[in-house]
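J.: One structure follows; several queries about it will come next.
The values are calculated or read from the model by the stated rules, or taken from the named source; none is laboratory data. What you see is a predicted model; the values in this text were computed from it and never measured. We place every Cβ from the backbone using ideal geometry, glycine too, and count neighbours over all the protein chains shown.
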Amino acid sequence: MTRSYLQSGAALAALLLIGGCGGASRDATATTAQPNGTMLASADIPRPPAIPDEATDAQAAPLNDAGEIASEISANTMIEEVPVNGGLAWREDGQVVRTASNDGQRVAYFRAGERQPFLVQRGGLAYAYENGRAELAYDSQGRPVPVPAAAQAEAQQLADQSGREHAAAAQAPAENIAR
């Protein structure tokens, strides 16, 4: 079944309206001092949305992969937590797997060895990327819709910003471990 642009736009508008509803579960680990004196704790990092039953395997894959990374970070003390640009990044075997903005509201997930994120969350929305392009948008309940053209620029800005944080985190010395 194909959706028209208007249907996709209406679906994204609905996602934006309900995106802030409900609470996301949080990771519980370390805290990093921020330049303005506030603290960004791993506990403040929202987990990816749950996968709804009606999602196809392709729609569920980015949420599943990000959820696995979040769970591994919560459970594994062998993952480095590195302060970067006022936020945090997590590295496994020297590879950046997650970054979070200084306010914890933008969280990006990376596959090992890749410089661009496969999933970026911001507020109650998440975008899944394939070949550098946002392909799906998810609300806080994990319900997917195609990303309308009107949202592509914002999705690209989120990915670009996350990519810059990835680059900074990849270069951070191991002695800057915050955990």
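J.: May I ask you to say which residue of 124, 142 is at pLDDT 95 or above and surrounded by fewer than 24 Cβ atoms within 10 Å (Cβ to Cβ)?
T.: One residue alone meets the criteria, 142.
J.: Something else now. Of the residues that sit in region 39-95 and are in contact with a Lys or Arg (Cβ under 7 Å, 6 or more places away or on another chain) and among the acidic types (Asp, Glu), which one is surrounded by the fewest Cβ atoms within 10 Å (Cβ to Cβ)?
T.: Only one residue tops the list, namely 44.
J.: Would you check which residues across region 73-121 are outside any strand (DSSP E or B) and among the polar types (S, T, N, Q) and list them?
T.: Answer for region 73-121, where residues must be outside any strand (DSSP E or B) and among the polar types (S, T, N, Q): 74, 76, 77, 85, 101, 102, 105, 116.
J.: Condition first: over 24 Å from residue 131 (Cβ atoms) and charged (D, E, K, R). Now tell me which residues in region 92-118 satisfy that.
T.: 93, 103
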